[in-house]
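Note sheet for the following structure.
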Amino acid sequence: MSLEGTSIEYEKLTFKDSASPLTFKKVSHKLPVSKDEIAVKVSAAGLNPVDLGIYYTFHPWVASLFPSYRNLGRDYSGTVVQVGSDLKSQYFVGDKVFGYVPTLSTGTLAQYLFLKPKTKHDASIVRVDQSVTDEQLVNFAGIPLVFLTTVQSLSVVPLSDKSRVVIIGGSTSLGWTAIQVLLNHYKVKPENLVSVNGSRSNNFVQELGVLQQNTINYDQVDSIQNPVLDKAKDGKFDLILDAAGNSDLFNHINEILKSKEENGHYVTLVGDHKPVYASSLLARLPSSFSSFKRFIYWNLIGGGPIHYQFRNVHSSKKDIDLAYRLYKEGNYKVIVDSIYSSEEVTQAYKRVESNQARGKVIVKF
Ligand SMILES: NC(=O)c1ccc[n+]([C@@H]2O[C@H](COP(=O)([O-])OP(=O)(O)OC[C@H]3O[C@@H](n4cnc5c(N)ncnc54)[C@H](OP(=O)(O)O)[C@@H]3O)[C@@H](O)[C@H]2O)c1
């Protein structure tokens, strides 16, 4: 596969504001690629709830302050089709890759991506084995953002095979990634891992290795506080990882989590409340205020009884390489909810918005 000519025209998903539809727009890129650049023909892009937060943030009056077309998507997989002269010893035409870009200026929902892998921005890219099938390559687009977020949040905690962990949101993409990484990579024992998930997802998390007696159904109780307190009778936890958005445990956190001196960590990836995916990121700020206050007082000033962190994903070559290593070892699998064609991108985002997707929603090009 190669690119010919002095420029290429291709389609990229754009939107103007949250009142206008998602549309593919023709854009062009100069060829040959610059010496530090590679061109990737995209196989698939993975969707994430944050894309919806960004889309809904650009309410028409907000968008009117920044008039422009915007892109969506951070995860991708595809095939290298042109390589800049400086990168000829590292990348080859025909290489299969997947990766993550941290900002929307790139927008992975596009037929082609032009990446500079030596820059921090585009560094989270993995060359996979040539034996990878087209179907596997499509599924790899579901890995980057959730894997990076999960391993980065686990890496701030001193975990061992003796650690006791609660995952709030065990069936979210962050949650099922954490279950696999904790059991298979950190060798946490199943009896020490508790998943909080909806009752419809019990079988789903149990197939990943969570024990039946260690599943707590958030939809069967007013608060998860008492069931988690009950589990803490077998020993306080080392880590609570919140991948859904919850604040039920703080009134009794001393009885649930080990103290700061014993390295008890509460890591949230969401905040105190489960967000409505079809809402502006700005509208979510007041509901995040309590967790930000706790983050500042407990973590930065150091006044709290435990370590408390509000984590956000960042680009990392090392972490994305770990994803592929664990995949190849059979210690991590990407779970796919559904695959849509690029013409069906609006339906694909509706599937994410439903909050019922169990696994990644992927758009195939
Ligand atoms: N901080 C960061 O850098 C970062 C990075 C990625 C994602 N996030 C955030 O993390 C959250 C999860 O993202 P994701 O992509 O992993 O989610 P996701 O895959 O879209 O999660 C969907 C699942 O959430 C479960 N769920 C719905 N309501 C729940 C509740 N009240 N409590 C627990 N689980 C519930 C549903 O299953 P059941 O109801 O059947 O259990 C559903 O299958 C989102 O809010 C996202 O914005 C943050």
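Derived value for the stretch 34-161: Kirkwood hydrodynamic radius 15.8 Å. Basis is the mean of 1/r over every pair of different alpha-carbon atoms.
Look at the dipole of the stretch 157-310 built from charges on Cβ: of Asn184, Pro275, Gly304, the Cα furthest out on the positive end belongs to Gly304.
For the chain, there are no membrane-span-like helices by this rule, meaning no whole DSSP H stretch whose C-alpha atoms cover at least 20 Å of axis and whose Kyte-Doolittle mean is -1.0 or above; this says nothing about an actual membrane.
Each peptide among 101-107, 49-55 gets the average number of other Cβ atoms lying within 10 Å of its residues, and from highest to lowest they stand as 49-55, 101-107.
Considering only DSSP beta bridges whose two residues both sit in the stretch 250-365, what percent are antiparallel, to the nearest 5? The antiparallel proportion sits near 0 percent.
Under a Cβ-only charge scheme (Lys and Arg +1, Asp and Glu -1), can you give me the dipole magnitude of the chain about the Cα centre, in debye to the nearest 20?
Details: 40 positive and 35 negative charges, 117 e Å.
Using only the charged Cβ atoms, the result is roughly 560 debye.
The share of Cα pairs per 10 Å bin across the stretch 80-216, counted from zero up to the longest distance, runs 10, 33, 27, 21, 8, 1 percent. Kirkwood radius and radius of gyration were both taken over the C-alpha atoms of the stretch 1-107, and their ratio Rg/Rh is 1.03.
Working note: 222 nm ellipticity from helices only, DSSP H runs with n ≥ 4, each -39,500 (n - 2.57), summed and divided by the residues of the chain, gives -7000 deg cm²/dmol to the nearest 500. Considering only DSSP beta bridges with both partners in the chain, what is the antiparallel share in %, to the nearest 5? Counting DSSP beta bridges with both partners in the chain, the antiparallel share is about 60 percent.
Ranked by the mean number of other Cβ atoms within 10 Å per residue, highest first, peptides 139-148, 289-298 order as 139-148, 289-298.
Return the Rg/Rh value of the chain, two decimal places, where both radii are evaluated on C-alpha atoms and Rh is the Kirkwood radius.
Working: Rg = 21.1 Å, Rh = 21.4 Å.
Reported Rg/Rh (Cα atoms, Kirkwood Rh): 0.99.
By the rule of a C-alpha distance below 18 Å, with chain neighbours fewer than 8 residues away ignored, the aspartates and glutamates paired with Lys41 are Glu4, Glu9, Glu11, Asp75, Asp95, Asp122, Asp129, Asp134, Glu135, Glu343. Amide H contacts of Arg164: Asp238, Leu239, each under 5 Å away and 5 or more positions distant or on a separate chain (H built 1.01 Å from N in the peptide plane; Pro and chain starts excluded). Which stretch or stretches of the stretch 268-295 have amide N atoms under 12 Å from the point lying 7 Å from Gln309's Cα along the Cα→Cβ direction? Taking a point 7 Å out along Cα→Cβ of Gln309, the residues of the stretch 268-295 whose backbone N falls under 12 Å are 268-269.
Taking a threshold of 29 Å on the Cα-Cα distance, which of the pairs Lys118/Lys162; Lys293/Lys360; Lys96/Lys189; Lys231/Lys350; Lys162/Lys260; Lys328/Lys364 fall above it? Let's see the in-between values first.
Details: Lys118/Lys162 39 Å; Lys293/Lys360 32 Å; Lys96/Lys189 35 Å; Lys231/Lys350 36 Å; Lys162/Lys260 17 Å; Lys328/Lys364 23 Å.
Pairs exceeding the cut-off: Lys118/Lys162; Lys293/Lys360; Lys96/Lys189; Lys231/Lys350.
With a ≥ b ≥ c taken as the square roots of the eigenvalues of the C-alpha gyration tensor of the stretch 157-310, please select rounded if a/c is under 1.5 and otherwise prolate if a/b is larger than b/c or oblate if it is not? Cα axes put the stretch 157-310 in the oblate bin.
Here, each number is a calculation from the coordinates, and none is a lab measurement. The structure displayed is predicted, hence computed values, not measured ones. Because the Cβ atoms are built from the backbone with ideal geometry, glycine has one as well, and the counts that use them run over all protein chains shown.
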